[in-house]
């Protein structure tokens, strides 16, 4: 099996793409003027569920040593079968992976910067990771699972780091990019001022391919989901539109002590757009899922899920049913809570195996808890209607320690 552990081995198309993308000057755009600390930083470890199967991105190796931490991508086909290692070759992946897919079965992997890399290589596959085509984003991706999105009916969009806060788009291929906006320009718009936008935190695409942006807002209750679609009626700004960016997110019930909201994940499902929102409240953090059914500006809002004192979100993402999951770590114990698109609450799953890194949800209804130990990938499966996880697969991943230094 091919081992990809050199500092950076960039194929020529990546270098050509870098020069091709620089046809126009790229302004350096500062972020929003006053940016408080984020409500919640979501880890990169996540999973995707689509009609063809499940994808999981996890960190492996010696996790306390950045040069000996290697991110790997795995795929399991729908209808059964085993997980297999499908990490794109040729680029150092110590910094992390961002994964996005579309309804046509294409998946794109973005490499977070590490070592001396100053841009983000991309790799796309239309055959479940059997082969990869190279692309490049000439700026570093933001460190969030929702830093990239693509659709067969529209352009790809990417989020650059918070330092520049730019939203990038590529209309054809994955090598020529232009700037759609930035944290500063969106914050200066009517919609941005209304929600008190302080940072751009996620990107996505609607069912029709319209670019979407998730943001942190300082106003009480506003959920910062913005659409770049002038013809679409915004929730509160349709009468004063210049609105290149329209605020379409819902408004949560206000209560004393709320200091802001932050969209930490933005995903598209069969039922519409879903966002995982962190709400800062009285020194605590709560999570709610908001879900737009179709493109109707009608949103469902889940009950809050508290992040306990001393607890952390270890992973989050979408489920095969169109809802969202949160893997919470409290000391040495993990818990999993899930929602459904039309649901208003969180449903706990049976306690997962100790050390679970990420959860994946197969189209067939089975759930997978993935435990990483060094170079070992262990899959525990929860069959529909069962209450116990059972070990289903063990993979030994070849890792060449010391190859990144």
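The values are calculated or read from the model by the stated rules, or taken from the named source; none is laboratory data. Just so we're clear, the structure is a prediction, and the values are computed from it rather than from any experiment. No Cβ is skipped: glycine too gets one built from the backbone with ideal geometry, and neighbour counts run over all protein chains shown.
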* Asked: Only one of (1) at pLDDT 95 or above; (2) buried (at least 24 other Cβ atoms within 10 Å of the Cβ); (3) part of a loop (DSSP other than H, G, I, E, B) is not met by residue 131, so which one is it?
  -> (2)
* To do: Count, please, the residues in region 316-338 that happen to be within 17 Å of residue 43 (Cα to Cα) and in a strand (DSSP E or B).
  => 14
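Going by the conditions given, is residue 332 farther than 25 Å from residue 144 by Cα, touching a residue at least 12 places away in the same chain (Cβ under 8 Å) and surrounded by fewer than 20 Cβ atoms within 10 Å (Cβ to Cβ)?
Here the answer is no, as residue 332 does not meet what is asked.
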* Asked: Condition test on residue 204, is it assigned to a strand (DSSP E or B) and closer than 19 Å to residue 104 by Cβ?
  -> yes
* To do: Those residues that are surrounded by 19 or more Cβ atoms within 10 Å (Cβ to Cβ) and either in contact with a helix residue (DSSP H, G or I) (Cβ under 9 Å, 6 or more places away or on another chain) or more than 21 Å from residue 39 (Cβ to Cβ) (or both), I need them from region 170-182; list them, please.
  => 170, 174, 175, 177, 180, 181
* Asked: Restricting region 274-286 to residues that are in contact with a strand residue (DSSP E or B) (Cβ under 6 Å, 6 or more places away or on another chain), modelled with pLDDT of 85 or more and more than 15 Å from residue 224 (Cβ to Cβ), which is surrounded by the most Cβ atoms within 10 Å (Cβ to Cβ)?
  -> 285
* To do: Return only the number of the condition from (1) at positive phi; (2) without any contact (Cβ under 8 Å) to a residue 40 or more places away in the chain that residue 340 does not satisfy.
  => (1)
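Give the residue that is farthest from residue 349 (Cα to Cα), with candidates limited to residues of region 313-333 that are more than 17 Å from the chain's Cα centre (by Cα) and at pLDDT 85 or above.
We begin by selecting, within region 313-333, every residue more than 17 Å from the chain's Cα centre (by Cα); these are 321, 329-333.
Retained after the next criterion (residues that are at pLDDT 85 or above): 329-330, 333.
Details: 329: 14, 330: 15, 333: 13 Å.
Selected residue: 330.
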* **Checklist (1) in contact with a strand residue (DSSP E or B) (Cβ under 6 Å, 6 or more places away or on another chain); (2) touching a residue at least 60 places away in the same chain (Cβ under 8 Å) applied to residue 325, failing item** => (2)
* Structure fact -> Given the conditions (1) on the phi < 0 side of the Ramachandran plot; (2) buried (at least 24 other Cβ atoms within 10 Å of the Cβ); (3) at pLDDT below 90, every one holds for residue 156 apart from (3)
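Matching residues to (1) touching a strand residue (DSSP E or B) at 6+ places or on another chain (Cβ under 9 Å); (2) assigned to a strand (DSSP E or B):
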position	(1), (2)
297	no, no
309	yes, no
314	yes, yes
354	yes, no
365	no, no
* Structure fact -> Counting only residues that are assigned to a strand (DSSP E or B), crowded, with 17+ Cβ neighbours inside 10 Å and modelled with pLDDT under 85, region 252-273 contains a total of 4
